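Below: the structure, in structure tokens.
The values are calculated or read from the model by the stated rules, or taken from the named source; none is laboratory data. Here the structure is a predicted model, which means the values were calculated and not measured. Here Cβ is always computed from backbone atoms with ideal geometry, including for glycine, and neighbour counts include all displayed protein chains.
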Amino acid sequence: MTLLGLGLMGYVLADTLLAAGHPTTVWNRSTGKGADLIGRGARRAASAGEAIAASSLVIVCITDNNAGRELVQPLAAELRGRTLINLTSGSSSEAGDISGWAAQHEIAYVDGAVLAAPDGIGTDEAAILYSGDRDAFDQHNSVLRKLGTPTFLGNDPGLAAPRDVAVLGMMWNILNAFLHAAALLQSASVSATALAPVLEGGIATTTGWLAGYAEQIDAGAFPGDDATIATHLAAMTQLIDESNARGVSTDLPRQIKAVADRAVAEGLGRSSYAAMISQFRSPE
């Protein structure tokens with residue numbers, strides 16, 4: 001196997017392949033990284049081209065797809081006849097562009113999205129999504145399973161990227177809500193450590209709503225059986241008032257309330273919270 005890029009994620013990918021017994025060639029722009037991998041049997045290539053020549057399977061995991069294109073496109077001849085798996089984060093359009101370039105040069109291309117932190121790589125909990133060349137995915141599936149639980153989404157190389165950023169978007173929203181909550185409770189002399197288990201319980205409750213709300217979204221029907229948007233809106237106002245009273249920023253809760261205000265103005269006040277998807281389907 002060849003691994004191009006030894007950043008936080010790339011290093012762990014290479015380390016996991018090496019630990020699983022796969023001969024592994026590595027390359028990184030900064031040659032100082034990965035010395036311990038070399039000590040455990042990995043081969044350091046002097047150039048990206050040399051690294052590619054060493055294996056039929058080439059995995060690239062670097063900063064972004066712009067850097068990825070700059071790296072691999074001059075090496076089309078070296079990559080011809082090989083499989084290129086791109087685990088660099090990027091957009092679906094970028095995946096399509098790289099796939100088109102790869103097809104022109106007889107390179108089997110698979111785009112991927114790692115839905116896991118580096119310390120989860122090599123476990124079943126590490127979900128890794130793939131899309132693109134199905135034959136190439138099937139050929140190397142046994143290797144990919146060493147990195148995590150692989151899921152193939154389809155032949156369109158742009159299928160993995162939207163799921164990646166969707167998960168990241170949810171993560172950032174949860175973390176921002178936690179940070180606002182911690183700031184609010186600290187103003188009442190409650191430590192973030194004491195708050196964390198309370199919020200974990202709240203997140204677990206919210207997670208339990210997702211499947212039902214997903215069914216409502218797919219069906220286009222939003223009965224307000226649990227709590228209506230209007231009910232949530234009243235509580236949002238309370239959050240803003242409490243934040244104001246304690247000298248905590250109201251930026252985040254005001255953004256949340258603004259979305260609910262628009263939904264109510266459109267006549268959705270008696271619908272379930274899931275009906276607010278209407279506010280996210282197109283820009284204002």
Would you check which residues across the stretch 228-251 are in a loop (DSSP other than H, G, I, E, B) and surrounded by fewer than 12 Cβ atoms within 10 Å (Cβ to Cβ) and list them? GLY247
Identify, please: which residue in the stretch 1-27 is in contact (Cβ under 8 Å) with a residue 40 or more places away in the chain and among the β-branched types (Val, Ile, Thr) and is, among those, surrounded by the fewest Cβ atoms within 10 Å (Cβ to Cβ)? THR16
Only residues that are loosely packed, with under 14 Cβ neighbours inside 10 Å and among the small types (Gly, Ala, Ser): list them for the stretch 166-186, please. ALA166, GLY169
Tell me the residue from SER30, SER89, SER99 that is in a loop (DSSP other than H, G, I, E, B), buried (at least 19 other Cβ atoms within 10 Å of the Cβ) and not β-branched (Val, Ile, Thr), please. SER89
Condition first: closer than 24 Å to GLY10 by Cβ, within 15 Å of the chain's Cα centre (by Cα) and part of a helix (DSSP H, G or I). Now tell me which residues in the stretch 135-174 satisfy that. ALA160, ALA161, PRO162, ARG163, ASP164, VAL165, ALA166, VAL167, LEU168, GLY169, MET171, TRP172
Counted residues, the stretch 33-53 - those being surrounded by 15 or more Cβ atoms within 10 Å (Cβ to Cβ), in a loop (DSSP other than H, G, I, E, B) and more than 26 Å from the chain's Cα centre (by Cα): 2
Test set (1) among the basic types (Lys, Arg); (2) surrounded by 16 or more Cβ atoms within 10 Å (Cβ to Cβ); (3) in the same structural domain as LEU79 (by TED's automatic domain parsing) - ARG163 fails condition number: (3)
Residues located in the stretch 102-134, provided they are within 17 Å of the chain's Cα centre (by Cα), crowded, with 16+ Cβ neighbours inside 10 Å and hydrophobic (A, V, I, L, M, F, W, C): VAL110, ALA113, VAL114, LEU115, ALA116, ILE121, ALA126, ALA127, ILE128, LEU129
When (1) within 30 Å of ARG246 (Cβ to Cβ); (2) surrounded by 11 or more Cβ atoms within 10 Å (Cβ to Cβ) are applied to PRO223, the one that fails is (1)
Could you list, in sequence order, all residues of the stretch 254-284 that are of a type in the set (Ser, Thr, Tyr), outside any helix (DSSP H, G or I) and surrounded by fewer than 17 Cβ atoms within 10 Å (Cβ to Cβ)? SER282
Confirm whether ALA188 is assigned to a loop (DSSP other than H, G, I, E, B), more than 17 Å from ILE174 (Cβ to Cβ) and aliphatic (A, V, I, L, M). yes
Within the stretch 198-220, which residues are surrounded by fewer than 12 Cβ atoms within 10 Å (Cβ to Cβ) and farther than 22 Å from ASN176 by Cβ? ALA211, ALA214, GLU215, ASP218, ALA219, GLY220
Considering (1) modelled with pLDDT under 95; (2) in contact with a Leu (Cβ under 8 Å, 6 or more places away or on another chain); (3) among the small types (Gly, Ala, Ser), say which one GLY49 fails and leave the rest. (1)
Hey, does the stretch 136-157 have a residue that's of a type in the set (Val, Ile, Thr), touching a His at 6+ places or on another chain (Cβ under 8 Å) and either in the same structural domain as LEU18 (by TED's automatic domain parsing) or crowded, with 19+ Cβ neighbours inside 10 Å (or both)? yes
Which pairs have Cβ atoms under 9 Å, sit 6 or more apart or on different chains, and link a residue in the stretch 63-74 that is free of Cβ contacts under 8 Å to residues at least 12 places away in the same chain to one that is surrounded by fewer than 17 Cβ atoms within 10 Å (Cβ to Cβ) and in a helix (DSSP H, G or I)? PRO74/GLY49
Would you check if there is a residue in the stretch 7-26 being outside any loop (DSSP other than H, G, I, E, B) and more than 27 Å from the chain's Cα centre (by Cα)? no
